[in-house]
Structure formats: structure tokens, C-alpha cells
Amino acid sequence: MKKVGFFVALTGILFGASDGFGAAIYPLYNGYQGTNAAGQVVLLPTTNGTIVQTSNPNVANTTRITGALPRVGSNVVATTTTAAGRQYYQPSDFDRLADSGLYVGLSVGYSASVRGSMLSDYMNEEKGQFVPGAFQEADFDTDTVIPLQISVGASINNDLRIDFSYLRYSGIAYPSMVKSSDGIGGYVDAVVDGGAITSNVTMLNLYYNIDAYTGYLAGGMLRPYVGVGAGISLNTIADYVVYDGTFYSEMEPSVAGPGDLTGISDVYAYHNGGTSEQLAFMVEGGLTTEMDGGIKIDFFVRYTNLGQVRTSGSIILSQTEWLGDGAGNEYPADYDSTYHYTNWYESGRLGTIDIGARLRLQF
């Protein structure tokens, strides 16, 4: 009996000490309550060791909010929620003008300025004045010039893209009126017919977005960029005829013998055109915006240097000769004199300033 009483007393002491030590080492805080997995009330001990029965909190399930997040800066508040004062990014709106992937482009422009002129390199040749041409520098004659460009390219990163392009210019012509040397230090007017100029250019182009320095413009709708390019241009000038109706006196009829040459008139010079391969380059600046369907539009201003336009150097000259009759008079010969000149070139440098728009379809 003594042993049984001893064990009962020892057990009471140990359980009492356990409650005291547990409260000291693992304190439980008043007010903490919860339910188990079955939703039943949990009985939790307090710091003084007593058991507190809590009522069922009957907690409702959290409402799940579905749908797209508000746009950046939006003050729209979802149903069953209140404004948290926090802004969200919608991924499709982030940097929507960024370049990415492959693209094809088509541009149409208008040449606001065509720079360049033709000049003959045979003006110092003997009797060069009898071959009408641009002995005095003459600016190109232009109708409406609409350069067309097709390009295929890809983005290297968000700011840099590269493409290969084909560019065509037409509607440029040899000047319609030129100044031809009169052989005595002056010039006379000569009329030109023909001489259409076309240029076909292939270029490798590099474009760089500069919004990191300027920021987006027009409230984020426009992204500025600059570009450079270099390549080869094939510049072709068609055949043309230059007519000089001036009468050139060679000898006074009063002193001319029968059949002597007294003058020349109605000089026609048939210039064979030519094609020259030239180094070309361009500098461009513009603004990019976006349409639906992955199409971007570049509004640009571009300077293109197309190199030199040059004839083949072959000129066929036809002129009317006047002969003396030995009695102080002169008369036109019943034939036309014809001469063939070779390596007598006419040439000029060609450049344009274009404004236009380019559509780019990204893949």
C-alpha cells in the first residue's frame, strides 16, 4: 500500500510540473482560436493552464476574383473588394511598340527635293561646241518622284533592327533645257528630248530606337528612331537628243569660194544613255506607331545619295552645213554631215530628300 501511494503522489507531482514548465517554455496567447478540418470547435489552453471553449467562428470562404487585371493607373475596383491603392501592369500594354521577330515592310514616299545636275566633261575638246550638251551645269528635271521600297528584316533586340531593302526611283530626267557652248566663251540654249533616269538600289539598313533618350511621344503612341544604310545603286539614263538651232558662222560668204564651208546650223546630238554601278547610302529619321494585327507604321524623312548618273560616252552628231557659191552668197548643202564621238561623257551626282510612310508586318 505504501508503494501504491508513493507512485500516485509522484504521478501528481510530475503532471503538475509538466503544466507549469509547458506554460513557461511554449506560451499560448489569449484570443487564438480556430477549427479543425471538420469545422469543429478547438479547445485551446490559456497561459494560466485553464481550458477555454471558443464558439464556432463560422468563417466564410474567401471570394475568388476572376478576369483581367486593371490597366496601369486604373482606379477600377473589383466587385467585393475595396481599392488597395495599388496599380497593376497588363502584359499586352507593356512596351507595345517594341520591335520583335522577323518583319516585311513596304514603303511609299515622295521626293520633296531632287539634288544633282548634269555636266559634260568634253567642253574643252576641239570643236566641242558643235556637240550640244550641258557644258554649263544644269539641274535635273523632275516630275513627281515616288520612291518605292520593299524590305525584309528582323529585330536584334528591343532597340535595334536590321533589314535588307530594294528601293526604286523613277520620274527623274535629264534637264529639258541646257546651255551649250558657242565656241567663243558664251552659251546658247539647247533643247533636250528624252533622258529619263531611274535608279535601282539595294541596301543593308540599321535602325535604332532612341526613346531611351527622348521618351515616347504623343502620350506613348509614337516611338522615335534613326537609321543608316549603305549599298549599291544601278543608275540608268535613257537615250536623249539635244537640239541646238543656233547658226554658227565659219567664214564670211563674201570671201568664200565655191563649196567652202561658211556655217553650221540645226545641230542634233544623239546621246546614248548608260548604266553605272555606284555606291549609295542613306540617313533616315522617323516615328513609329502601331496598328491592329501586328502592323507598325514608320513615318520617315530620308536623305539618299545615289552616286553618279553617267552616259555611255557615245554621241552621234548630225548638222546642216552651209556652203559658199563664190558670188558672195551661201546655201545649205543637200546632205547632213554626221560625226561619231566616243568617250565624250556627261554625268552628274544624284541625291533625294524623301518623306513617306512604311508599313511593317511582324511575325
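Determine whether segment 285-305 contains at least one residue that is at pLDDT 95 or above, within 20 Å of residue 166 (Cβ to Cβ) and among the small types (Gly, Ala, Ser). Yes, some residue in segment 285-305 is at pLDDT 95 or above, within 20 Å of residue 166 (Cβ to Cβ) and among the small types (Gly, Ala, Ser).
Has segment 349-359 got any residue that is in contact with a Pro (Cβ under 7 Å, 6 or more places away or on another chain) and either part of a loop (DSSP other than H, G, I, E, B) or open to solvent by 50 Å² or more (accessible area, probe 1.4 Å) (or both)? Among the residues of segment 349-359, not one is in contact with a Pro (Cβ under 7 Å, 6 or more places away or on another chain) and either part of a loop (DSSP other than H, G, I, E, B) or open to solvent by 50 Å² or more (accessible area, probe 1.4 Å) (or both), which makes the answer no.
Would you mind finding the one in 275, 311, 289 that is within 29 Å of residue 233 (Cβ to Cβ) and touching a residue at least 60 places away in the same chain (Cβ under 8 Å)?
Working: 275 fails: touching a residue at least 60 places away in the same chain (Cβ under 8 Å); 289 fails: within 29 Å of residue 233 (Cβ to Cβ).
From the options 275, 311, 289, the qualifying one is 311.
Please go through segment 328-348 and pick out each residue that is among the polar types (S, T, N, Q), assigned to a strand (DSSP E or B) and more than 53 Å from the chain's Cα centre (by Cα). Quick ask: steps written out before the conclusion?
To start, the set of residues in segment 328-348 that are among the polar types (S, T, N, Q) comprises 329, 337-338, 342-343, 347.
Adding the requirement that they be assigned to a strand (DSSP E or B) leaves 337-338, 347.
Correct list: 337 only.
Taking the conditions (1) open to solvent by less than 30 Å² (accessible area, probe 1.4 Å); (2) outside any loop (DSSP other than H, G, I, E, B); (3) not small (Gly, Ala, Ser) in turn, residue 236 satisfies each one other than (1). Residues that are open to solvent by less than 40 Å² (accessible area, probe 1.4 Å) and assigned to a strand (DSSP E or B) were ranked within segment 251-272; the one that is nearest to residue 236 (Cα to Cα) is 271.
Scan segment 202-233 for residues that are of a type in the set (Gly, Ala, Ser), loosely packed, with under 15 Cβ neighbours inside 10 Å and part of a strand (DSSP E or B) and jot them down. Write out each step before concluding.
Of all residues in segment 202-233, those of a type in the set (Gly, Ala, Ser) come to 212, 215, 218-220, 227, 229-231, 233.
Checking the rest, the ones that are also loosely packed, with under 15 Cβ neighbours inside 10 Å come to 212, 215, 218-220, 230.
Correct list: 230 only.
Across segment 226-247, the qualifying residues are those that are in contact with a Phe, Trp or Tyr (Cβ under 7 Å, 6 or more places away or on another chain) and small (Gly, Ala, Ser), and the one among them that is farthest from residue 321 (Cα to Cα) is 227.
This table checks each residue for (1) basic (Lys, Arg); (2) surrounded by fewer than 16 Cβ atoms within 10 Å (Cβ to Cβ); (3) closer than 17 Å to residue 350 by Cβ.
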| site | (1), (2), (3) |
| --- | --- |
| 280 | no, no, yes |
| 283 | no, yes, yes |
| 291 | no, yes, no |
| 310 | yes, no, yes |
| 319 | no, no, no |
| 325 | no, yes, no |
| 330 | no, no, no |
| 334 | no, yes, no |
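Check whether at least one residue in segment 145-168 is touching a Pro at 6+ places or on another chain (Cβ under 8 Å) and either at pLDDT 95 or above or closer than 30 Å to residue 266 by Cα (or both), and report yes or no. Working first, answer last.
Of the residues in segment 145-168, the ones touching a Pro at 6+ places or on another chain (Cβ under 8 Å) are 167-168.
Next cut, either at pLDDT 95 or above or closer than 30 Å to residue 266 by Cα (or both) only: 167-168.
Yes: segment 145-168 contains one or more residues that are touching a Pro at 6+ places or on another chain (Cβ under 8 Å) and either at pLDDT 95 or above or closer than 30 Å to residue 266 by Cα (or both).
Using the structure shown, decide if residue 162 is part of a strand (DSSP E or B) and of a type outside the set (Asp, Glu). Answer is yes for this residue.
A Cβ distance below 8 Å, combined with a sequence gap of six or more or placement on separate chains, defines the contacts here; from segment 153-164, residues that are farther than 15 Å from residue 363 by Cβ reach residues that are charged (D, E, K, R) and open to solvent by 40 Å² or more (accessible area, probe 1.4 Å) in the pairs 158/95.
From the list 176, 181, 170, 199, the one residue that fits, being touching a helix residue (DSSP H, G or I) at 6+ places or on another chain (Cβ under 9 Å) and either closer than 27 Å to residue 109 by Cβ or open to solvent by less than 60 Å² (accessible area, probe 1.4 Å) (or both), is 181. Of all residues in segment 259-273, exactly one satisfies the criterion of being of a type in the set (A, V, I, L, M, F, W, C) and over 57 Å from the mean Cα position of the chain (by Cα), namely 261. The set of residues in segment 141-159 being surrounded by fewer than 15 Cβ atoms within 10 Å (Cβ to Cβ) and part of a loop (DSSP other than H, G, I, E, B) consists of 143, 144, 156, 157, 158.
The values are calculated or read from the model by the stated rules, or taken from the named source; none is laboratory data. Keep in mind that what you see is a predicted model, and the values were worked out from it rather than measured. Note that we place each Cβ from the backbone using ideal geometry, even for glycine, and neighbour counts take in every protein chain shown. Remember, those area values only see protein heavy atoms, side chains included, never the ligands or the DNA or RNA. Shrake-Rupley method; radii C 1.70, N 1.55, O 1.52, S 1.80 Å.
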